[in-house]
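The values are calculated or read from the model by the stated rules, or taken from the named source; none is laboratory data. Computed from a prediction, not measured in an experiment: that's the story for all the values here. Cβ: placed from backbone, ideal geometry, glycine included. Neighbour counts: every protein chain shown. Side chains included, ligands, DNA and RNA excluded: accessible areas come from the protein's heavy atoms. Shrake-Rupley method; radii C 1.70, N 1.55, O 1.52, S 1.80 Å.
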Amino acid sequence: MGDSKEGGAESPPAGAAAREGLSLLSQGESEEPSAQGSALFLGGNEVKSRAVVKYSSAPPRTAFARLEEKTDLKLPPANWLRESAKLGPAGTTILGNSKKSKPFSSFGMAYDFIDSVGNDVDVVSDSENIKKLLKIPYSKSHVSMAVHRIGRTLLLDELDIQELFMRSSQTGDWTWLKEFYQRLIDQKWQRKKKSKEHWYQKAILSKFLYYSINGDGAAQPVPSAAEQQESSSSDQTNDSDGASWPAPFEMPSSVSEDPSASSQGSEPLEPSYILGHVASAPKEQNLTTLFNDGENSQGLKNDFVRNILWTFEDIHMLVGSNMPIFGGGRYPAVSLRLRDNNKPINVLTGIDYWLDNLICNVPELVMCFHVNGIVQKYEMIKTEEIPNLENSNFSTKVIKDIAQNILSFLKSNCTKEGHTYWLFKASGSDIVKLYDLTTLCEETEDKYQNPFTMPVAILLYKVACNMMMKKNQNKKHYGTIRTLLLNCVKLLDKSRHPQIIASANYMLSELFQLDEPKKEESSESPLNENSDESYSEEEEEMPDSDENGSYSTSSDPSDDNKAVAIIKSVGELSVPEKYKSIHQIRPSCTFPVCHDTEERCRLVLSYVLEGLKSVDSSIKKESDLPAADPNTPIPLKYEDESTRGGPEGLEKQMALFLDKMGSLQKGNYSSQSGMIPGSWQHKMKLQLILKSSKAYYVLSDAAMSLQKYGRALRYIKLALQSHDTYCCLCTNMLSEVLLFLSQYLTLCGDIQLMLAQNANNRAAHLEEFNYQTKEDQEILHSLHRESSCQGFAWATDLSTDLESQLSVSCKCYEAANEILQFSDLKSQNPEHYVQVLKRMGNIRNEIGVFYMNQAAALQSERVVSKSVSTAEQQLWKKSFSCFEKGIHNFESIDDATNAALLLCNTGRLMRICAQAHCGAGDEFKREFSPEEGLYYNKAVDYYLKALRSLGTRDIHPAVWDSVNWELSTTYFTMATLQQDYAPLSRKAQEQIEKEVSEAMMKSLKHCDVDSVSARQPLCQYRAATIHHRLASMYHSCLRNQVGDEHLRKQHRVLADLHYSKAVKLFQLLRDAPCELLRVQLERVAFAEFQMTSQNSNVGKLKTLSGALDIMVRTKHAFQLIRKELVEEFDQPKSDESTPAADSSPSLNREEVVKLLSIFESRLSFLLLQSIKLLSSTKKKTSSNTEDDAVLKTNKQIYSQLLRATANKNAALLERIDVLVHLLDQLARGGGGGVQ
């Protein structure tokens, strides 16, 4: 063999330390020695080995004392079996201790190095078991081991059949295995006793190691020899290769383990021993602490002096070793062995020594030879030379092949997590068999008789816990964690282990993220792409080999039906790559893809329910409570609003709720089931209930987005019932939980508002609300064990009354806001706070509008002459109060737009109040009242406030335009009412005219006729109407006014100006021909009035010519009227409903006829006056050709007009056609040519 590349030594952490059921070193500390841990390359790179000490309880090494020749090892040394400061207590792990590892030793290591299990390490085992496996092809000894799979890690433990069957006869355990063993393997089983020679060799070895300690230290009292002998006899190793090498030192007495642990070796390992030890994992990750560490400190312990991470070729192993290592001087690390000079070293011993040194990274071996206990000589051998010793020659490459084949064989066949497999080779046999004990055990009456079940379940749980701590960094491991937990739950008896089952189910529910964003499909994809990553093996990717079938069959059919797999000959293990791991390591560890929110939440709730059942089953008071019949739905307390007292009752319920919330801050606790605060049941149920409330909240939110408001209300009711129970159980309310409650109530308010706005589907919503799944009923039953769940009944009832629904919605938002005030939640969650206030503002607007509409309805039903009723006034007050509060909500979060909209609605309310006061009194004697003026002015104030709130149009153009339009309408309505119902009993005509003029001009100012929008035609019509009304008013003033010529002239100019503006605007509109015609006729009348005050014929002719020109320009109005009449006439008779539907902008025929008659008479009058004036002018002056032509044309038109008007039976269309024709003639003939 070649020289070692690097002869490093074991490097334990400085000083000794003890374990208290957990790994002594943190991750950082345990890795520290790895820098000094060396790699050993043996035999020209034939085998690669690297050992890193992860934990050591041994103090710094001391040199061994080289014994004098002829020293008699049969005589005990002075320090034999005595403890010293260096050695620690002799009774626990004494030098020369022959105690073999406990049946669960690998579990103790796995608990301590939980990070490595399931992921980085292939095998966890005692070094003795590793050596035994690698010696299978060379040894005739029997092999019996328990194998467990946790992820990609295999746990190997010695399964001492003799010990088990001895216990079976005492306790009744393992009887099924005993029967199976006797039936299939060894029918005449009996306990084999150790020979005297065996005990003699043990005693000599122990004395030799004590002699070898340099200095015997201060002797202290030690256990009696009898006790020591008893300990040795009960924990004897098997007969294959002698001792499991003892450890030279024990941990110092100051930090030693509980001394009671020393006597535990031969006791049956009941589940109670395990339970005490597992507690630590959840504590590190804010999960509920599972177990009390102090209850049973002597649980599954890691009893090895050192734990080593050994990499042998590509196999990573966590190995426990007790081999004594000496050092100092020229030899920094050596192992010490005692050999009988008369017995040569055989292959088994050589492999044993070689592997021990490799595992512990010891470069040299010191051999002490004796004859009949008398020391003869010492010999120093390098580790790499051991395979070449005389009589002990073996190939390291073959050992490597054996290791790889055994690992592949086990990984290929031990596929089920949680199952206990039994690897068995009978003494002297070449056949190795693998049995699935879990399956065999399940065929018996009590499937929980397998003592490995509990440690395996606990380890599955702890590995899952450890992965959960890093879940945010490793979402790809979610499938792995889920499989670990499901297997853990599957193993455990629900009645015996409710605590672990509840905790496992809670962790399963935690795997599903309820609060992740909507794009969960994309974010979850990595889970499924590579969820097997932590278990992937290089061997898996290799192609199938025909050779792999060789261990699946057996020559003996009687064995075949029970064994999972068989190695027909141990010789096969030496063939390179004979066995390959071709099976999927974990076929079912992919994380389920939940494509929609409901599916994900339902999975969460199923786990929560299982957890709740486990917790409830462990509470003794169960029998005192009535059991829920799963087939009987739990009543939902549906009430009609009339029985509940309406909004007034709501106020009381809200007050009670807020009192309760206040008391929660002080930590009141009230559980009906009798759970003790601080107990695991209490903590776990709190977590599960909180999880259920979150799941129901997410379900409710999803239903809301689908517009399934009845279903959404049912889910939010369940969320709030869960939260109510949480409040009853909670002794210290977290601000995070209060925030959840605020969010739940906010959503509840949204749902109630949507139900109010979708009253037409109330029956469907009610049906959805009353439906319940069996799962929901069972969860609710568990909640009812703790509280009445009625704390939020006021918020979640489905009412049939609109007002009640709106009130409930408002109260939900108010409660959500109140909760934010309890602690510093408002500042910590500004976004949620803003959303709550926005919703409060919105719901108050809705309620305000509701009351305002009710008041308007009452007003419309009221008899005109009646005065305003008290009911109306009450509704005004309620509406105004809501608007005022809503405005305050929006202003407090600087939401100018919504504040402006509410101010606008308040303005509308003021206008309704004004309209209510206008109905009083007789219609004929009616005047514009002061109350009307007061409310209209208040409305104006609110609209102006709204504009000020917005600031500029750029903030929100649509709202700005809407407010402007409403303000314009208010001014216009006020001016119109003052004009039509002038308050002459209180004000002078001039003052009224001034106020009307000012109001009209203000209305005009806020009426935007230029901006192109859907409202532009309305604005143009409004502006045209304003100009028309002002022109009419000034026209009227001019008629009625006598005296002040300057004022008359001013009115004349204003009337003319407004008439012309009105005409221009009406001409822009296609649907106001009658209004255009009326304005033009008024202009003609205005011209006629002016003509009466004129004296000269020239002036009168000029005015007449202007009036006729106005008449000619009305042709556009007649053409529009004609077009509409033709369209109406052309409508098919069968489609009578269509014109009715489109008749809103259509012509008022009566008005058209009336205006047409006036137009005909005025045109006739103007033409006659024109003819008269032109004729008289012609007599007085010389002939004027132009005037003659005009006179002639006017006479012809006048003649035709008289004939046309004489025909009383002429159709409307015909009359219009005649007029259009005459106006054309008039325009061509120059009748209207004088401007």
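A simple rule links phi to the HN-Hα coupling: the Karplus curve 6.51 cos²θ - 1.76 cosθ + 1.60 with θ = phi - 60°, which for segment 950-965 gives 6, x, 9, 5, 5, 4, 7, x, 5, 5, 4, 5, 5, 5, 4, 5 Hz, with x for Gly and Pro. Once all protein chains are placed together, GLU1160 keeps about 20 Å² accessible to a 1.4 angstrom probe.
The accessible surface of segment 739-888, taken with every protein chain in place and a 1.4 Å probe, is 51 percent carbon and sulfur.
Size estimate for segment 1020-1066 follows the Kirkwood approach: the inverse of mean 1/r over distinct Cα pairs works out to 10.6 Å. Got a sec? Charge dipole of segment 842-987, +1 on Cβ for Lys and Arg, -1 for Asp and Glu; which of VAL940, THR952, ALA916 is way out at the positive end? The residue sitting most towards the positive pole is ALA916. Taken about its Cα centre, segment 842-987 carries a charge dipole of about 320 debye when Lys and Arg each add +1 at the Cβ and Asp and Glu each add -1 at the Cβ. Counting only protein heavy atoms and a probe of 1.4 Å, the accessible surface of segment 1020-1066 is 54% carbon and sulfur. Kindly provide log₁₀ I(q)/I(0) values, in the same order as q = 0.17, 0.22 Å⁻¹, from the Debye equation applied to equal alpha-carbon scatterers of segment 783-929. For segment 783-929, the Cα-only Debye profile gives -0.99, -1.28.
Size check on segment 842-987: the Cα extents along the three principal axes, sorted descending, read 49, 30, 20 Å. Protein heavy-atom accessible surface, 1.4 Å probe, per residue over segment 352-429: 26 Å². Placing +1 on each Lys and Arg Cβ and -1 on each Asp and Glu Cβ, with no other charges, gives segment 1020-1066 a dipole about its Cα centre of roughly 180 debye.
Which pairs in the list LYS54/LYS131; LYS301/LYS382; LYS411/LYS462; LYS811/LYS838 are over 25 Å apart, alpha-carbon to alpha-carbon? Write out the running numbers ahead of the final one.
Numbers: LYS54/LYS131 20 Å; LYS301/LYS382 34 Å; LYS411/LYS462 21 Å; LYS811/LYS838 14 Å.
The pairs that break the limit, which is 25 Å between Cα atoms, are LYS301/LYS382.
When ARG948, ARG602 are compared by accessible area at a 1.4 angstrom probe, the order from most to least is ARG948, ARG602. Per residue, segment 1020-1066 exposes 47 Å² of solvent-accessible protein surface, assessed with a 1.4 angstrom probe and all protein chains in place. 3J(HN,Hα) along segment 1000-1009: 5, 5, 5, 4, 4, 4, 8, 10, 8, 8 Hz, from the Karplus curve 6.51 cos²θ - 1.76 cosθ + 1.60 with θ = phi - 60°, whole Hz, x for Gly and Pro.
Residues LEU1057, LEU766, sorted by accessible area with the largest first, give LEU1057, LEU766 [1.4 Å probe; ligands and nucleic acids excluded].
Evaluating 6.51 cos²θ - 1.76 cosθ + 1.60 at θ = phi - 60° for every residue in segment 973-989, the Karplus couplings come out as 4, 4, 5, 4, 5, 5, 6, 7, 10, 4, x, 5, 6, 10, 9, 6, 4 Hz, glycine and proline recorded as x. Take THR1193: with every protein chain present and a 1.4 Å probe, its accessible area is about 30 Å². Each residue was assigned an accessible area with a 1.4 Å probe, and for CYS360 the value is about 0 Å². In this Cβ point-charge picture (+1 for Lys and Arg, -1 for Asp and Glu), segment 902-1017 has a dipole of about 300 debye about its Cα centre.
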